[in-house]
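In what follows, a structure is listed as structure tokens, so that the remarks can point back to it.
The values are calculated or read from the model by the stated rules, or taken from the named source; none is laboratory data. Remember, it's a predicted structure, so these values are computed and weren't measured experimentally. Cβ atoms come from the backbone with ideal geometry, glycine included; neighbour counts cover every protein chain shown.
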Amino acid sequence: MTALGFLYPGHSAEDDYPRIEQLLDSDIRLTVIHTDIGEDAHRVDALLEMGSPERLAAGVDQLRHSGAEAVVWACTSGSFVFGWDGAHDQVRALAKTAGLPASSTSFAFAHAVRELGVARVAVGATYPDDVADHFAAFLRSDGIEVVALRGSGIITAAEVGTWGLDEVLELARTADHPDAQAILLPDTALHTAAHLRTLERELSKPVLTANQVTVWEALRLTGRRVNAPSLGTLFTKEPVIQVRD
């Protein structure tokens, strides 16, 4: 049994995690602890407060009793707004507080892009443009080329959580670019676990989504690899490796 812990802000698409646990079809348990979201706003000042050490530490207190072997801050915007160095500081503080290997969804995206061996990505963000720009800057800090970036202007995670397949597919399609080798949808408030095979079939390229990469990152921290094609290319034993050029 491998136990994985996730600190998830508020309530929007947390039901992706039990769905992913089922799709993994293995001896893996996913425990989600909800952190206090504060103000539900895709606005930089609110996101910095959401990802503050105090809010994450409060979640860790609950997580300690779950038996988790690793913990991931399951929030993209509440990590990348700190910048590359600040997000590293956030993760180091989380690891120290939890006494566990730790990461965040933002780093999960960067690591997943490397796993697929791609160099150029398109980003379909639910956020306003200024917040989406922070995510693109975060990726570029790791040498990832963002060839297309689309923001959707949605302010609250609550609204994002109401989106279904049609909205998610439209976001991915409009974000896509001929030069993109993969499409990234960076919001853990977005339901995507049930749609990954459809997204990749319709777009004909790997699609990385926030809750998907968050779980993959926790598995990576514990040294586990799981073959689960229903969770997309990232979760296949032999992912499509594309040579950087």
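Condition first: under 15 Å from the mean Cα position of the chain (by Cα) and in a helix (DSSP H, G or I). Now tell me which residues in segment 1-42 satisfy that.
Those that are under 15 Å from the mean Cα position of the chain (by Cα) and in a helix (DSSP H, G or I): D16, Y17, I20.
Can you report the number of residues in segment 193-208 which are touching a residue at least 40 places away in the same chain (Cβ under 8 Å) and in contact with a strand residue (DSSP E or B) (Cβ under 7 Å, 6 or more places away or on another chain)?
2
Only residues that are over 27 Å from T222 (Cβ atoms) and either at pLDDT 90 or above or of a type outside the set (D, E, K, R) (or both): list them for segment 46-72, please.
Listed by number, the residues that qualify are A46, L47, L48.
Would you check which residues across segment 160-200 are within 14 Å of the chain's Cα centre (by Cα) and among the aliphatic types (A, V, I, L, M) and list them?
I183, L184, L185, A189, L190, A193, L196
Select from segment 128-162 the residues that are over 17 Å from P9 (Cβ atoms) and of a type in the set (F, W, Y) and list them in ascending order.
Passing the criteria: only F138.
Among the numbered criteria (1) within 15 Å of the chain's Cα centre (by Cα); (2) more than 24 Å from A13 (Cα to Cα); (3) aromatic (F, W, Y), which single criterion is violated by W84?
For W84, the failing item is (1).
Against the condition at pLDDT 95 or above, crowded, with 16+ Cβ neighbours inside 10 Å, under 24 Å from G51 (Cα atoms) and within 18 Å of the chain's Cα centre (by Cα), how does A136 come out, does it pass?
yes
For segment 15-36, name all the residues that are touching a helix residue (DSSP H, G or I) at 6+ places or on another chain (Cβ under 6 Å), buried (at least 16 other Cβ atoms within 10 Å of the Cβ) and either of a type in the set (D, E) or touching a residue at least 60 places away in the same chain (Cβ under 8 Å) (or both).
Passing the criteria: D16, I20, L23, L30.
Specify which of the listed residues (V91, V44, V71, V81) is without any contact (Cβ under 8 Å) to a residue 24 or more places away in the chain, of a type in the set (V, I, T) and either closer than 26 Å to A136 by Cβ or crowded, with 21+ Cβ neighbours inside 10 Å (or both).
Among V91, V44, V71, V81, only V91 is without any contact (Cβ under 8 Å) to a residue 24 or more places away in the chain, of a type in the set (V, I, T) and either closer than 26 Å to A136 by Cβ or crowded, with 21+ Cβ neighbours inside 10 Å (or both).
Please determine, by comparing only the residues of segment 158-186 that are loosely packed, with under 15 Cβ neighbours inside 10 Å and among the aliphatic types (A, V, I, L, M), which one is farthest from I37 (Cα to Cα).
So, considering only residues that are loosely packed, with under 15 Cβ neighbours inside 10 Å and among the aliphatic types (A, V, I, L, M), the one farthest from I37 (Cα to Cα) is L165.
Every residue, every condition in (1) in contact with a helix residue (DSSP H, G or I) (Cβ under 7 Å, 6 or more places away or on another chain); (2) of a type outside the set (S, T, N, Q); (3) closer than 30 Å to A3 by Cα, yes or no:
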{"site": "T156", "(1), (2), (3)": "no, no, no"}
{"site": "W163", "(1), (2), (3)": "no, yes, yes"}
{"site": "E167", "(1), (2), (3)": "no, yes, no"}
{"site": "A180", "(1), (2), (3)": "no, yes, no"}
{"site": "H191", "(1), (2), (3)": "yes, yes, yes"}
{"site": "R197", "(1), (2), (3)": "yes, yes, yes"}
{"site": "R201", "(1), (2), (3)": "no, yes, no"}
